[in-house]
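S.K.: To start, I am sharing the structure in question, which I have written as structure tokens.
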4 protein chains.
Amino acid sequence: MTPVPVRDNVEIGLNRFARRGYDLDEVSIVPSRRTRDVDDVSTAWQIDAFRFGIPLVASPSDAVMSPATAIAVGQAGGLGVLNAEGLWTRYDDPADVYAKLREAAASGTSSTALLQELYREPVKTDLITARVKELRDSGVTSAVRISPQHTEQFAATVLSAGVDLLVIQGTIVSAEHVTTQDDSLNLKEFIADLDVPVIVGGAADYQTTLHLMRTGAAGVIVGVGADSASTGDAVMGVRVPLATAIADAAAARRDYLDETGGRYVHVIANGAIETSGAIARALACGADAVQLGEPLRSAAEAPAGGAWWDSVAAHPRLPRGVVDAPVPAAAPLEQVLNGPAVEADGRTNLFGALARTMAKTGYRDLKEFQRVDLVIGG
Amino acid sequence: MTPVPVRDNVEIGLNRFARRGYDLDEVSIVPSRRTRDVDDVSTAWQIDAFRFGIPLVASPSDAVMSPATAIAVGQAGGLGVLNAEGLWTRYDDPADVYAKLREAAASGTSSTALLQELYREPVKTDLITARVKELRDSGVTSAVRISPQHTEQFAATVLSAGVDLLVIQGTIVSAEHVTTQDDSLNLKEFIADLDVPVIVGGAADYQTTLHLMRTGAAGVIVGVGADSASTGDAVMGVRVPLATAIADAAAARRDYLDETGGRYVHVIANGAIETSGAIARALACGADAVQLGEPLRSAAEAPAGGAWWDSVAAHPRLPRGVVDAPVPAAAPLEQVLNGPAVEADGRTNLFGALARTMAKTGYRDLKEFQRVDLVIGG
Amino acid sequence: MTPVPVRDNVEIGLNRFARRGYDLDEVSIVPSRRTRDVDDVSTAWQIDAFRFGIPLVASPSDAVMSPATAIAVGQAGGLGVLNAEGLWTRYDDPADVYAKLREAAASGTSSTALLQELYREPVKTDLITARVKELRDSGVTSAVRISPQHTEQFAATVLSAGVDLLVIQGTIVSAEHVTTQDDSLNLKEFIADLDVPVIVGGAADYQTTLHLMRTGAAGVIVGVGADSASTGDAVMGVRVPLATAIADAAAARRDYLDETGGRYVHVIANGAIETSGAIARALACGADAVQLGEPLRSAAEAPAGGAWWDSVAAHPRLPRGVVDAPVPAAAPLEQVLNGPAVEADGRTNLFGALARTMAKTGYRDLKEFQRVDLVIGG
Amino acid sequence: MTPVPVRDNVEIGLNRFARRGYDLDEVSIVPSRRTRDVDDVSTAWQIDAFRFGIPLVASPSDAVMSPATAIAVGQAGGLGVLNAEGLWTRYDDPADVYAKLREAAASGTSSTALLQELYREPVKTDLITARVKELRDSGVTSAVRISPQHTEQFAATVLSAGVDLLVIQGTIVSAEHVTTQDDSLNLKEFIADLDVPVIVGGAADYQTTLHLMRTGAAGVIVGVGADSASTGDAVMGVRVPLATAIADAAAARRDYLDETGGRYVHVIANGAIETSGAIARALACGADAVQLGEPLRSAAEAPAGGAWWDSVAAHPRLPRGVVDAPVPAAAPLEQVLNGPAVEADGRTNLFGALARTMAKTGYRDLKEFQRVDLVIGG
């Protein structure tokens, strides 16, 4: 077993230590001695056989991902991901459900109870099949998310429907799930048997990331998805400083590459990445791609009309996120992602801004850009 | 005498040093390589012969503790504590007093003068006897709090009423109270003579905690109870970074265990612990249990109808806390403690959330969970 | 010349260093192993032959110091200080001036121009004489403040009027004022010739404080008086982290005591000391007394009716403070200083709170209390 | 090649480091042992043959710079700079354009789209010639700004119009622009051929500054101009802690002075310098002069009537700043710069305040003042 490097420990009290971690917004990019034309820059990303113009994995939140928007993300150069356990597989036509949620979110009162109620409707496997078909028919790379808890239950349906990429995602996932029950998922065995590449997560530290890489996954999601609507910190006391988690995961990627003699597993950052500046920071810290949810809600096509919630906000016993009130549509999804921006708030032209940051710091591609100078403070 | 370990000193000016301390909200829990089923987790806690399903000691504030709510806490798995010097032993029926305080608190103006006035009513020993009897008759573990100043005066009454556990609590308590007066309490002699286990505090550092452990106490309260309604910082300049205080107290517990060859004195954290996330953090830093007051006020049964004040807010010459305006009732006490949560704010399902945090970080019981990985920052 | 100890330097950029300093509110007091009865504690302070029940030097701001309130401060146990260059020596009866300022301050618009205009009225030496006489006649220790710039001009008048203590105070004062003009004040020569003890300041670092001690002053004011109404930071870029400045000054006091074989020069802290907690912190960091202005404005007797400004707010070309809107009277001055408190905001019973902090941390007198445990953070 | 000194690195994650940087408002000036008369202080600054009473380079933003205000800045002792690619060279008479922008800015809604539209009007070379002539005719030192991208296109026109100083300024500029296109500007060759001194920037680190100094520039602008209306942080993830950048640039100046045996290239700080306090801090950190935009908008003569935007806010695809709502005129430009102040907010008498800070810390001229004591914190 690889020894775990541990550093920057703070002694919070006698003989009790805590790691010092950094959030993305504590870290910034500093231009240094070289600049470059923005037209000479590439933001392309490739995982397994699938190539993308922009390093975007969509968050499988129903607030932003419908079959239509998953396709639109693909057409705009990213990877759309539909939730196999969300509204689109619970309801034949979720239009009314979205309308109710949007209205409740706009009213200013808590929508948690409503969310819990609407997600009590069971998932239907025939709807999973139909949704995957819709994605495939569009010609874009198709991906759906299932939870670790229900992987055994739904994976066969998803796979036989012919999905291109499988995303096994929970808030906190490990390769070593200890249980007294017999039917628990063994990730390593499960992934080894699959023909399609798997993205798995979220993980929060070097060791878990390394172990998840060893399951055979093509990509590991790093971070617990804590965005501005998340309350996981208040509810569970869990917080993952994302800049540190990404850098640690990049170290795991490097070590795994060495231990396997060349297997490169992608690090996909997932957390409070809500502006183009945060995207640039996440990649600068070492991520290969970013998982975005909240920033997509201002796309005109967003199915919840600008409201936002993360999947975990619907948990029946312990919701860990709120339903955010709708924001006005800013632009079509294509423009949100690729510009031009008509506001200066870092929420449109998300990947055009990335290209400019790369150009102004002198980098040609994303792999090189992971070495850009960083600064803490200011 | 055990040498006092001192670390992480900052030189604030020439030759003047200050310890660097950390608050609970600066410290967070990081998931690491293992996860576990939530159903395989136990949050049980035992002090002396008394066993509890959840590691909760109620704060003896009149705002949340009546005989009825002390019993309800016991029935929900925790330890209720009634104040032997509060409204229930000053007034035969404090209903009107509560109504006045609730109304004043809701009005938005300061209720300090009213509080001072209402607490001028003397404590009656027969009411102490009656209240303890009510607790005992319910069948739950009974506990009452007395102040160090009035221990000589009220202890006999409390003990002869047959209480199970005695809580001797002031904001700041030491085992070495220096006085020019003759009638001062010697904690060590007092506790040695008792048959019932004693919880004593608050203490703020390694040495005081160790000395209080040496009095024979079964538990030491760590922290000065500074919650969001506390003004002890502004009034006295006293502030206790709770994460550090807990970790230091855990070190004292370890050293005392070693010096006695096996006596384990419990560390009970008391401060700004107002969400399930904070509960998880306090235990992760090394506490065996938490003392909660403010979070109980949103229980439907809370006697002050959602208003909150700490005992010290009623001090006749130097109040050190305000009366907080009422919050709406969130749920019955049982649900506040054990869920399910219908909001995502970390204020219901307090101990269900703890169990989930333990599961998602791979721990089975509270003692193991004290070793969970921590992070500073983010 | 004593070598200047320099520590805790931060390299802000290549080869450019800054001292790391701490403000009072970053530092707190931690109770430790001993407690004491509050009645066994003394807050007495003595400078030269003058003894005070509380370690209070009033700020010579017209907002809080009239002849009457200077006397009231003396009667309550502190040292009142009247400004020899303020409204009471510019106007025979400043009642109208106060009324105008109070009204303007209450209106919510800036009163800077009005303040500048009202302070254009020249100072009259006969009014200085009359005001000092009024102070002396009361029987309390009398003190007036003059500025370094006008010491030559007004000192003779002040001294012949028979003041007990002279306060030479500007925002920033040094013992080494370099000038191309002939008439500049040489502090050392001036003080050597005097019969009355002198308090001089403000100073901000070890070396200036040491040099001012060497002028023969009985006390040095440390800090530049930056309270919540001060804008010296925005206007001049000057900021003095007060905890560090006090601790450094205490080091200078110790070194000067050693170099003179026993001359103890008092350190009087002046800055954002607006609560009893801040008073306790300032003394804990090493001050012998505190200079208070803003906290006195809530006394019923305050001449500006609750408005607050520092002298420097009236500067004709570069005002460095605003006129703060009036606050309601909280209590008579005696109660503001010595209690009891009827609010829990740290703004009444200022010195009763200090006594309690001393008691709860086990100290009997102020000199001992300068060694109390401190904590940074939380 | 000069080795690059690197210090104060923080390991944000395993093997990934970030430089620790400081913003201007984290750093303050501490008075030390000497004071001086304000009349004995000089704020004079000289670059190449041009001498100025105050170390001010105006920001070439249309919000504050018209030909008239550029001249007024010169008459008040500073260096006015007109944008050769701004409204005054796009429109014959931009009065209507200013009126529209001011109205839109006052309305509270975003003016970004309007700004983009108004800046689509092409630049006319005959207007450049006319504007430069207007500056020259006034007798003040004339300066215009061109962007690096359009230097080839407009420089000949600007130079033949007889400008005294050329400012080549983009948000981020390097001496090593890598391009696949043939027509890119080689700064070093371009500047070597010129007769007029050039100021170039912005740069953000030691190495880029050093390289820009080697192009033969007379001054280098340090910082990316990020003021309170800038959104470069959110849009691009780029942030330059200005105190650190200035100190690093001062180190580059020193090293370049040594490597050339005496060529002194001026460091001009550009960022969130919005008060006289910030001006003093920037110079204290090592700058020779400051570039000010936002603070000039409250001058009565400001062409946008108090609204503020930076040039980059008009970018057609990626705007990185907003249009700030108008502020009321505070005083004529001369008074904004040289006083007296009638408010205490650090926004008038900008350079009179600087002189006072220099006097109160004992320095006679700006070069000496670069050594003043600094403090971090408080």
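The values are calculated or read from the model by the stated rules, or taken from the named source; none is laboratory data. Just so it is clear, the model here is predicted, and its values are computed rather than measured. When we count neighbours, we look across all protein chains shown, and the Cβ atoms used for this are built from the backbone with ideal geometry, even at glycine.
S.K.: Considering segment D:283-320 alone, what residues qualify as being within 14 Å of another protein chain (Cβ to nearest Cβ) and at positive phi?
M.R.: The one that is within 14 Å of another protein chain (Cβ to nearest Cβ) and at positive phi: D:Gly286.
S.K.: Looking only at segment C:343-378, count how many residues are at the interface with chain B (Cβ under 7 Å from one of its Cβ atoms), farther than 14 Å from C:Arg281 by Cβ and under 22 Å from the mean Cα position of the chain (by Cα).
M.R.: Within segment C:343-378, residues that are at the interface with chain B (Cβ under 7 Å from one of its Cβ atoms), farther than 14 Å from C:Arg281 by Cβ and under 22 Å from the mean Cα position of the chain (by Cα) number 3.
S.K.: Sticking with this structure for a sec: Just to be sure, is D:Arg131 charged (D, E, K, R) and crowded, with 17+ Cβ neighbours inside 10 Å?
M.R.: When the stated conditions are applied, D:Arg131 passes them.
S.K.: Collect the residues in segment C:159-173 that are closer than 16 Å to C:Val140 by Cα and of a type in the set (Ser, Thr, Tyr), keeping them in residue-number order.
M.R.: Answer for segment C:159-173, where residues must be closer than 16 Å to C:Val140 by Cα and of a type in the set (Ser, Thr, Tyr): there is none.
S.K.: Is it the case that D:Thr89 is assigned to a helix (DSSP H, G or I), crowded, with 19+ Cβ neighbours inside 10 Å, among the polar types (S, T, N, Q) and touching a Phe, Trp or Tyr at 6+ places or on another chain (Cβ under 9 Å)?
M.R.: So D:Thr89 passes the test.
S.K.: Moving to a separate point now. Suppose we filter segment C:179-215 for residues that are without any contact (Cβ under 8 Å) to a residue 40 or more places away in the chain, surrounded by fewer than 21 Cβ atoms within 10 Å (Cβ to Cβ) and within 14 Å of chain D (Cβ to nearest Cβ); how many remain?
M.R.: Summing the residues that are without any contact (Cβ under 8 Å) to a residue 40 or more places away in the chain, surrounded by fewer than 21 Cβ atoms within 10 Å (Cβ to Cβ) and within 14 Å of chain D (Cβ to nearest Cβ) in segment C:179-215 gives 9.
S.K.: If you don't mind, there's one more thing I want to ask. Out of segment C:119-131, which residues are touching a residue at least 40 places away in the same chain (Cβ under 8 Å) and more than 14 Å from chain D (Cβ to nearest Cβ)? Show your work before the answer.
M.R.: At the first step, the residues of segment C:119-131 found to be touching a residue at least 40 places away in the same chain (Cβ under 8 Å) are C:119-120, C:128, C:131.
Result: C:Ile128, C:Arg131.
S.K.: While we're here: Which residue is surrounded by the fewest Cβ atoms within 10 Å (Cβ to Cβ), if the candidates are limited to segment D:244-268 and must be within 21 Å of D:Leu292 (Cβ to Cβ) and away from every other protein chain (no Cβ under 12 Å)?
M.R.: The extreme case among them is D:His266.
S.K.: Sticking with this one: Would it be correct to say that B:Pro340 is surrounded by fewer than 22 Cβ atoms within 10 Å (Cβ to Cβ), under 24 Å from B:Trp88 (Cβ atoms) and either within 14 Å of chain A (Cβ to nearest Cβ) or of a type outside the set (Gly, Ala, Ser) (or both)?
M.R.: Values: surrounded by fewer than 22 Cβ atoms within 10 Å (Cβ to Cβ): yes; under 24 Å from B:Trp88 (Cβ atoms): no; either within 14 Å of chain A (Cβ to nearest Cβ) or of a type outside the set (Gly, Ala, Ser) (or both): yes.
No: the conditions fail for B:Pro340.
S.K.: Among the residues of segment B:228-240, is there at least one that is within 14 Å of chain A (Cβ to nearest Cβ) and either more than 19 Å from B:Ser61 (Cβ to Cβ) or free of Cβ contacts under 8 Å to residues at least 40 places away in the same chain (or both)?
M.R.: no
S.K.: What number of residues within segment C:223-254 are part of a helix (DSSP H, G or I), more than 21 Å from C:Asp48 (Cβ to Cβ) and charged (D, E, K, R)?
M.R.: 2
S.K.: Okay, moving on. Out of (1) out of contact with any strand residue (DSSP E or B) (no Cβ under 8 Å at 6 or more places or on another chain); (2) at pLDDT below 90; (3) not β-branched (Val, Ile, Thr), what's the single condition that is false for D:Leu127?
M.R.: Condition not satisfied by D:Leu127: (2).
S.K.: While we're here: Looking at A:Val196 and the list (1) closer than 19 Å to B:Asp373 by Cβ; (2) more than 16 Å from the chain's Cα centre (by Cα); (3) not small (Gly, Ala, Ser), which single condition is not satisfied?
M.R.: Result: A:Val196 fails condition (1) only.
S.K.: For residues that are in contact with a strand residue (DSSP E or B) (Cβ under 9 Å, 6 or more places away or on another chain) and not aliphatic (A, V, I, L, M), tally how many sit in segment C:181-214.
M.R.: Residues flagged as in contact with a strand residue (DSSP E or B) (Cβ under 9 Å, 6 or more places away or on another chain) and not aliphatic (A, V, I, L, M) within segment C:181-214 amount to 11.
S.K.: Taking only segment C:28-70 into account, find how many residues are touching a Lys or Arg at 6+ places or on another chain (Cβ under 8 Å), surrounded by fewer than 20 Cβ atoms within 10 Å (Cβ to Cβ) and outside any loop (DSSP other than H, G, I, E, B).
M.R.: Summing the residues that are touching a Lys or Arg at 6+ places or on another chain (Cβ under 8 Å), surrounded by fewer than 20 Cβ atoms within 10 Å (Cβ to Cβ) and outside any loop (DSSP other than H, G, I, E, B) in segment C:28-70 gives 2.
S.K.: Turning to a different aspect of this structure: Can you go through C:Asp37, C:Asp48 and tell me which one is at positive phi and either touching a residue at least 60 places away in the same chain (Cβ under 8 Å) or touching a helix residue (DSSP H, G or I) at 6+ places or on another chain (Cβ under 6 Å) (or both)? It would help to see each step written out before you state the result.
M.R.: Numbers: C:Asp37 fails: at positive phi.
Just one listed residue meets the conditions, C:Asp48.
S.K.: Is there a residue being modelled with pLDDT of 90 or more, over 30 Å from A:Gly377 (Cβ atoms) and within 9 Å of another protein chain (Cβ to nearest Cβ) anywhere in segment D:24-32? Lay out the reasoning, then the answer.
M.R.: Step one: filter segment D:24-32 for residues modelled with pLDDT of 90 or more, giving D:24-31.
Filter once more, so that each one left must be over 30 Å from A:Gly377 (Cβ atoms): none.
There is no residue in segment D:24-32 that is modelled with pLDDT of 90 or more, over 30 Å from A:Gly377 (Cβ atoms) and within 9 Å of another protein chain (Cβ to nearest Cβ).
S.K.: Keeping to segment B:100-118, report how many residues are surrounded by fewer than 17 Cβ atoms within 10 Å (Cβ to Cβ) and in contact (Cβ under 8 Å) with a residue 60 or more places away in the chain.
M.R.: Qualifying residue count, segment B:100-118: 2.
S.K.: Scan (1) in contact with a helix residue (DSSP H, G or I) (Cβ under 8 Å, 6 or more places away or on another chain); (2) surrounded by fewer than 23 Cβ atoms within 10 Å (Cβ to Cβ); (3) closer than 23 Å to D:Thr141 by Cα for the single condition D:Glu176 breaks and write down its number.
M.R.: The failed condition is (3).
S.K.: Then there is this: Looking for whichever is of a type in the set (D, E, K, R) and assigned to a strand (DSSP E or B) here; the options are D:Arg145, D:Arg131, D:Arg136, D:Arg120. Which one fits?
M.R.: Working: D:Arg131 fails: assigned to a strand (DSSP E or B); D:Arg136 fails: assigned to a strand (DSSP E or B); D:Arg120 fails: assigned to a strand (DSSP E or B).
One residue alone meets the criteria, D:Arg145.
S.K.: Can you find even one residue in segment A:157-165 that is touching a helix residue (DSSP H, G or I) at 6+ places or on another chain (Cβ under 7 Å), in a loop (DSSP other than H, G, I, E, B) and at positive phi? I'd like the intermediate steps shown before the answer.
M.R.: Initial filter on segment A:157-165 (touching a helix residue (DSSP H, G or I) at 6+ places or on another chain (Cβ under 7 Å)): A:157-158, A:161-163.
Now drop any that are not in a loop (DSSP other than H, G, I, E, B), which leaves A:161-163.
If we keep only those that are at positive phi too, we end up with A:162.
Checked segment A:157-165: at least one residue is touching a helix residue (DSSP H, G or I) at 6+ places or on another chain (Cβ under 7 Å), in a loop (DSSP other than H, G, I, E, B) and at positive phi.
For (1) of a type in the set (Ser, Thr, Tyr); (2) touching an Asp or Glu at 6+ places or on another chain (Cβ under 6 Å), each residue gets a yes or a no:
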| site | (1), (2) |
| --- | --- |
| B:Arg34 | no, yes |
| B:Asp37 | no, no |
| B:Ala44 | no, no |
| B:Ala49 | no, no |
| B:Phe52 | no, no |
| B:Pro55 | no, no |
| B:Ser59 | yes, no |
| B:Ala63 | no, no |
| B:Ser66 | yes, no |
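S.K.: Look at segment C:251-277 and say how many of its residues are within 18 Å of C:Asp23 (Cα to Cα), over 13 Å from the mean Cα position of the chain (by Cα) and among the small types (Gly, Ala, Ser).
M.R.: Going through segment C:251-277 one residue at a time, the tally reaches 3.
S.K.: Every residue in segment C:98-117 that is out of contact with any Asp or Glu (no Cβ under 6 Å at 6 or more places or on another chain), within 14 Å of chain D (Cβ to nearest Cβ) and either in a helix (DSSP H, G or I) or within 30 Å of C:Thr157 (Cα to Cα) (or both), please.
M.R.: Matches in segment C:98-117: C:Ala104, C:Ala105, C:Ala113, C:Leu114, C:Leu115, C:Gln116, C:Glu117.
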